[in-house]
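Presented below is the structure to which this report refers.
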Amino acid sequence: MSDEGRLARLREVAGPVSRETFERLERFEAAFRKWAGRINLVAPSTLPQLWARHVLDSAQLLKLAPSALRWLDLGSGGGFPGAVVAILLRDRPGASIDLVESNAKKGAFLKTVLGELQAPARVNVARIEAFSSSPAPVDVVTARALASLPILLALAAPWLEAGAVGLFHKGRDYRREVEESRDAWQFDLLEHRSAVDPESVILEVSSLRRK
């Protein structure tokens, strides 16, 4: 696909995106491929579809929270969705995101690349449980391929119970996870069909409270 086609698809998925931001995402993609040759950032089998499967899949979150300024990404891994969101937030005055990743090598990658791109991100190399001991207020909590929804809600609870909204990527088995979560939690739920993968959804969780 041409650069023009890629930019058009990005705007379709994420909303308004400047050409400068698009070019930063392409630089992130190039750096990701370079680092992925040395450390395990993502399943190697998905590298040929990196832009669509990971970058666009992450970018679609911006359209679901167009006015949010304070973001938090749990279990950031190689940067999906947190790093992509961070780069897109550079166009949003006053916005920032905290990325939480316990793996030191992945944390080093994120710090290096996001620093070079001057993205409004803080990379926290820590376990989520330790990071949540003194939670700062945020607007949106994200996570992708981190844990089943019952576990994810427990990890995100310090922020969700304080009023944040969760935007969580989930696959085809998400309904079972939602039902299991209702054993311990009450919450409001919106299901957004993925703009990238027809078999996936983004679960928007709000008003979380323990039963």
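The values are calculated or read from the model by the stated rules, or taken from the named source; none is laboratory data. Bear in mind that the values here come from a model prediction, so they are computed numbers and not experimental data. Here Cβ is always computed from backbone atoms with ideal geometry, including for glycine, and neighbour counts include all displayed protein chains. Protein only, heavy atoms only, side chains kept; ligands, DNA and RNA dropped before computing areas. Shrake-Rupley method; radii C 1.70, N 1.55, O 1.52, S 1.80 Å.
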Check your understanding: What number, in percent, do you get for the relative contact order of the chain if the mean sequence gap of Cα pairs under 8 Å and at least 6 apart is divided by its residue count?
Key -> 17 percent
Review point. What ranking of 98, 91, 183, 197 comes out by heavy-atom accessible area, probe 1.4 Å, highest first?
Key: 183, 91, 197, 98
Revision key, fill the gap. Gyration tensor on Cα atoms of the stretch 76-121, a ≥ b ≥ c root eigenvalues, a/c under 1.5 rounded, else prolate if a/b beats b/c, else oblate, says prolate
Study note, to complete from the structure: Expected field for residue 204, accessible surface area in Å² at 1.4 Å probe radius, rounded to 10, holds 40 Å²
**Study point:** Choice from 144, 193, 182 showing the highest fluctuation, given a GNM over the chain with Cα pairs closer than 10 Å
**Key:** 182
Check your understanding: Where nothing but the Cβ of Lys and Arg (+1) and of Asp and Glu (-1) is charged, how large is the charge dipole of the chain around its Cα centre, in debye to the nearest 20?
Key -> 380 debye
Exercise for review: Compare 82, 163, 37 in a GNM of the chain, Cα atoms joined below 10 Å, and give the one with the largest fluctuation.
Suggested key: 37
Review point. Probe 1.4 Å, all protein chains in place: accessible area of residue 105 in Å², nearest 10?
Key: 130 Å²
Review point. Where does the chain land at 222 nm, in deg cm²/dmol rounded to the nearest 500, when only DSSP H runs of n ≥ 4 count, each adding -39500 (n - 2.57), divided by all residues?
Key: -11000 deg cm²/dmol
Practice item. On the protein heavy atoms, probe 1.4 angstrom, tell me the percent of accessible surface of the stretch 137-187 carried by carbon and sulfur. Key: 51 percent
Exercise for review: For 125, 100, give the ranking by accessible area with the largest first, probe 1.4 Å.
Suggested key: 125, 100
Check your understanding: How much accessible surface area, in Å² rounded to 10, belongs to the heavy atoms of residue 134 with a 1.4 Å probe?
Key -> 90 Å²
Review point. Could you give the dipole magnitude of the stretch 65-139 about its Cα centre, charging the beta-carbon of Lys and Arg +1 and that of Asp and Glu -1, in debye to the nearest 20?
Key: 140 debye
Exercise for review: Using Cα pairs closer than 8 Å and at least 6 residues apart in sequence, work out the relative contact order for the stretch 1-125, in percent.
Suggested key: 24 percent
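From the gyration tensor of the Cα coordinates in the chain, what semi-axes in whole Å does the equivalent ellipsoid have, largest first, with each one equal to sqrt(5λ)?
Calculated on Cα positions only, the semi-axes equal 26, 19, 17 Å.
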Practice item. Determine the per residue accessible area of the chain with all protein chains present and a 1.4 angstrom probe, expressed in square angstrom. Key: 46 Å²
Exercise for review: List nothing, just return the count: lysine pairs in the chain, 8 or more apart or interchain, with Cα separation under 25 Å.
Suggested key: 6
Practice item. Could you order 106, 34 so the one with the most accessible surface comes first? Probe is 1.4 Å. Key: 34, 106
Study note, to complete from the structure: In the stretch 64-111, taking the dipole from +1 charges on Lys and Arg beta carbons and -1 charges on Asp and Glu beta carbons about the Cα centre, the listed residue (81, 71, 103) farthest towards the positive end is 103
